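> Can you read through this structure? Questions will come right after.
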Amino acid sequence: MGLIENPKTYTGRDLETIFFRPMLTGDNAEQIGIRVLYNMPVPTTIQMWSPAGDILKPYSSGWTGGDSATRKQKTITMQKIKAETGYSASDYFSQVYELITGRPDVNMDDLSGTELEKAETEMFRAAIAESLRATMWVGDMADTASPLNKFDGFMALIRNYNAFMDFPMVDFTERQLTSETVVDLLDEMWRTAPPILKSMKGEGNLAYFVTTDVIDCYERYLDRMGADGAYNDLTSGRRTLSYHGIPLVDINVSQYLSKTQFHTSFCLLTDRRNLTLAVNTSDYPGTEVRMWYNPDEMENRQRAVFMVGCEILDEDLLVRVDFV
């Protein structure tokens with residue numbers, strides 16, 4: 001059997017292809033639910049172009065062009081961060097061994113070092129993915145007491161932008177979120193949405209990004225519907241929820257919100273492509289993933305160093321809710 005204390009270091013191309021790219025592209029990126037940019041040049045700048053209104057003209061000779069296409073540019077602020085974990089040798093081996101035994105394609109009589117390396121990598125990669133997912137929502141660099149203060153997430157960006165911008169907002173401060181009021185909330189958000197956001201519904205990327213309590217209230221509302229479908233959903237559960245064709249996405253951060261200055265309830269209507277997470281592992285020295293065994297402490301350690309940042313590309317394409 002391969003030794004679990006064998007050191008492993010990923011840099012350069014290996015860092016991208018073995019560790020980060022499988023976590024941030026394809027199906028894994030879709031599970032995050034937003035737009036993910038990986039290894040764009042730093043500083044990461046996004047250009048958004050749109051034609052200037054109606055460009056059709058009656059035919060005539062000569063040039064009759066009007067205003068040029070409009071451009072909106074956003075630069076995503078990137079923060080250099082690191083992820084570190086340490087386990088006692090016995091606990092570490094138990095976790096890695098459990099990952100191996102859960103795979104049906106592994107021959108337990110012939111565990112090579114490659115199998116151990118895959119399991120170690122997957123365990124560390126899953127921990128980083130969860131930290132990125134949580135911080136991209138509730139990260140707040142201004143909150144020194146919060147454990148998720150490494151970079152500003154979407155909630156902090158909305159709060160900061162709202163200081164000098166007038167976002168479309170639904171005021172819910174005088175109402176209680178219940179199964180009776182949750183539909184009013186979703187409906188009011190849609191009616192408050194700007195026309196340009198409503199026009200994007202047919203593209204299939206609009207979503208209500210909500211906390212779990214909003215999901216629970218909406219499910220209880222659906223349970224009361226007097227129909228066979230409601231009964232079947234009540235007994236079998238619902239894999240997805242939608243309101244008038246727009247999915248409700250549970251951002252699943254309730255366990256983190258209690259440690260922040262944000263409200264425990266959150267609801268945001270926008271286009272998925274409007275929320276962007278950028279990760280870079282190639283444009284500066286020192287980026288690496290390292291896993292090694294420390295014999296002095298009898299501890300297995302893991303470290304990753306990379307850059308990450310969040311941004312809302314167009315503030316005009318969102319509707320938020322102000323809760324109590």
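> What shape does the range 165-208 take by its C-alpha gyration tensor, where a ≥ b ≥ c are the square roots of the eigenvalues and a/c under 1.5 counts as rounded, a/b above b/c as prolate, and the rest as oblate? Walk me through the numbers before you get to the answer.
Values: a/c = 3.07, a/b = 1.55, b/c = 1.97.
Oblate, because a/c is 1.5 or more while a/b does not exceed b/c.
> Anything over 29 Å Cα to Cα? Flag those among K72/K259; K74/K198; K57/K198; K150/K201; K8/K80; K74/K150, in the order listed. Mind dumping the intermediate values first?
Values: K72/K259 35 Å; K74/K198 22 Å; K57/K198 27 Å; K150/K201 34 Å; K8/K80 22 Å; K74/K150 21 Å.
Distance filter (> 29 Å) returns K72/K259; K150/K201.
> Separate question: Simple spin-label model, 7 Å along Cα-to-Cβ: W292 to Q73 in nm?
4.2
> With every protein chain in place, what's the accessible area of Y243 (1.4 Å probe, Å², nearest 10)?
Surface accessible to solvent at Y243 totals approximately 20 Å².
> Another question about this same structure. At 1.4 Å probe size, what's the solvent-accessible area of W292? Round to the nearest 10 Å².
60
The values are calculated or read from the model by the stated rules, or taken from the named source; none is laboratory data. These numbers come from a predicted model, not from an experiment. Neighbour counts are summed over all protein chains in view; Cβ atoms, including those assigned to glycine, are modelled from backbone coordinates with ideal geometry. Side chains are part of the model used for accessible areas, which takes the heavy atoms of the whole protein and leaves out ligands, DNA and RNA. Shrake-Rupley method; radii C 1.70, N 1.55, O 1.52, S 1.80 Å.
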